[in-house]
Amino acid sequence: MSTVETQLLDRFEQHVEELKQYCSIASVSTDPAYAPEVQRAARFIADRMARAGLERVEILPTDGHPAVTAEWCHAPGAPTVLVYGHYDVQPPDPVELWSSPPFEPEIRDGRLYARGASDDKGPSLIPILVAEAFLQREGGLPVNLKFLYEGEEECGSAHLEALVAAEAKRLAADVVLSADGAMWRPDLPTVTVASRGMLALELELHGAGKDLHSGRHGGSAPNPLPALARLLATLHDDAGEVAVAGFHDGITPPDPKLIEAIQASGFDPQGYFATIGAPAPQPMPTAEELLVRQWLKPTLELNGITGGYGGPGSKTVIPAKAGAKITCRLVAGQDPDRVFDAIEAHLRQHVPAGVRLEIRRQGPGSPAFALPADQPVLALTEGVLGELFGQPPLRVAMGATIPIGGVFREILGIETVFFSFSTADEDYHSPNEFFRLERFRDGLVGWARLLPRLAGHSRG
């Protein structure tokens, strides 16, 4: 064990306490009410980078939430690695379903429960702690290291592309290592080599100019709620497939290696539905069918529906408006702009008479991402994971969206390799999010072993 690993493990309990402090900050990026907490999280991570011994630590403003950058670039001839992470988190709602308050971190059964513990505060704290250990134990880093942590990943990274373009010289590197992402299963080491893209929008149907008494106006005034239900029902066919003309245009066939990974995964459909607490469908889909849906097929999902009165008891009202939030996960070949145009055309074509439709797009969206199979840093990360877990990792796709791969490839001309120690079952985006402390420890050791190996990676 290296002296760097020894320090990290000797200080493990101290680092867990730091992670608890970090997770106590309610840095919810999508809700303006939490803006002061987002700023506080940016200051926390900037201060931690500075205390680690990193240089040029700055909080960079954007038109939304700020980003935090830092670097240590005193390894002549060694490659430069850009570490990506994010300090913002998802909303904690519904708070009543949490077993402990979402921003009061609590350890139970070897797990740290808190919003953001797994996505992405635990994984993103790891490389900072590892850099500190190298600087304190060895007086330097084996590679040139830069950091970019943003505060808007959980609300679409709307200003990331402009920030990277404006700071391209500062962020120039040979490869990106993402602390964000997740392994697929806790019992199987994996590396993510592909992810789906994203498009988000919301719509509102407007009826009368104000809420109306349902006795006085029922039967004559337009009601946006049933109109919304009819409109949303047109988006899918009876088999659940997206029924929007043009939605699937341009899709390219998936990498055959991902099909091979699906077939080798040992995925248990029955166990999957039991884990998520859902009734098992009949007939039961095969493992391959389920994983193709999760990794390789596009989706159009309803994320929320609003309208009328939802409080206790009843309120006899015809609401003036009703709305829905929609996100689409996109696969290779789909263009977010064309998909949005197709959905908008479908909604306008099918909107019921008597109501007015408004559609708002949430951010630019992002295309799907795939990492070249021969990327050399990918092989290095696989070697480290194989050592840590005692078996070769499986290359997998991610059903979720991390837009950074396309941004860094287009603007900086470099690829992004995911090296996260979260796992997909840790309930991020849901109540009772947690991070396994064992994986926190694995991550510290894994990053400590990977950085010296990157020093031998050829630049460019």
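The values are calculated or read from the model by the stated rules, or taken from the named source; none is laboratory data. None of the values given here were measured: they were computed from a predicted structure. No Cβ is skipped: glycine too gets one built from the backbone with ideal geometry, and neighbour counts run over all protein chains shown. All accessible areas refer to the heavy atoms of the entire protein, side chains included, with ligands and DNA or RNA removed. Shrake-Rupley method; radii C 1.70, N 1.55, O 1.52, S 1.80 Å.
Yes or no, residue by residue, for (1) of a type outside the set (Gly, Ala, Ser); (2) not assigned by the TED database to the domain that holds Leu228:
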{"position": "Tyr149", "(1), (2)": "yes, yes"}
{"position": "Cys155", "(1), (2)": "yes, yes"}
{"position": "Glu167", "(1), (2)": "yes, yes"}
{"position": "Ala179", "(1), (2)": "no, yes"}
{"position": "Ala182", "(1), (2)": "no, yes"}
{"position": "Pro186", "(1), (2)": "yes, yes"}
{"position": "Glu204", "(1), (2)": "yes, no"}
{"position": "Gly207", "(1), (2)": "no, no"}
Considering only segment 27-43, I want to know if a residue exists there that is over 29 Å from Lys169 (Cβ atoms), buried (at least 23 other Cβ atoms within 10 Å of the Cβ) and aliphatic (A, V, I, L, M). yes
Reported set for segment 238-264 where residues are open to solvent by 70 Å² or more (accessible area, probe 1.4 Å) and within 21 Å of Val351 (Cα to Cα) is Asp238, Glu241, Ala245
Among the candidates Leu385, Leu380, single out the residue that is more than 30 Å from Gly219 (Cβ to Cβ) and open to solvent by less than 30 Å² (accessible area, probe 1.4 Å). Leu385
Sort through Gly365, Gly313 and tell me the only one that's open to solvent by 20 Å² or more (accessible area, probe 1.4 Å), at positive phi and touching a residue at least 12 places away in the same chain (Cβ under 8 Å). Gly365
Could you list, in sequence order, all residues of segment 68-106 that are among the aliphatic types (A, V, I, L, M) and either part of a strand (DSSP E or B) or surrounded by 15 or more Cβ atoms within 10 Å (Cβ to Cβ) (or both)? Val68, Ala70, Ala75, Ala78, Val81, Leu82, Val83, Val89
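One line per residue, one yes/no per condition, for (1) in contact with a Phe, Trp or Tyr (Cβ under 8 Å, 6 or more places away or on another chain); (2) under 20 Å from Met183 (Cα atoms); (3) surrounded by fewer than 22 Cβ atoms within 10 Å (Cβ to Cβ); (4) not hydrophobic (A, V, I, L, M, F, W, C):
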residue: Arg111; (1), (2), (3), (4): yes, yes, yes, yes
residue: Ile126; (1), (2), (3), (4): yes, yes, no, no
residue: Leu135; (1), (2), (3), (4): yes, no, yes, no
residue: Val143; (1), (2), (3), (4): no, no, no, no
residue: Glu152; (1), (2), (3), (4): no, no, no, yes
Over segment 219-234, the set of residues of a type in the set (Gly, Ala, Ser) and either in contact with a helix residue (DSSP H, G or I) (Cβ under 9 Å, 6 or more places away or on another chain) or without any contact (Cβ under 8 Å) to a residue 60 or more places away in the chain (or both) is Gly219, Ser220, Ala221, Ala229, Ala233
Within segment 233-258, which residues are charged (D, E, K, R) and either touching an Asp or Glu at 6+ places or on another chain (Cβ under 7 Å) or outside any loop (DSSP other than H, G, I, E, B) (or both)? Lys257
The correct count of residues that are under 30 Å from Asp249 (Cβ atoms), at pLDDT 95 or above and open to solvent by less than 50 Å² (accessible area, probe 1.4 Å) in segment 286-310 is 4
Could you pull out every one of the strands (runs of 3 or more DSSP E) wholly within segment 115-215 that has 3 or more residues that are in contact with a strand residue (DSSP E or B) (Cβ under 8 Å, 6 or more places away or on another chain) and over 23 Å from Glu18 (Cα atoms)? 190-195, 197-206
Provide a single number: the residues in segment 216-232 that are farther than 25 Å from Met198 by Cα, assigned to a helix (DSSP H, G or I) and open to solvent by less than 30 Å² (accessible area, probe 1.4 Å). 2
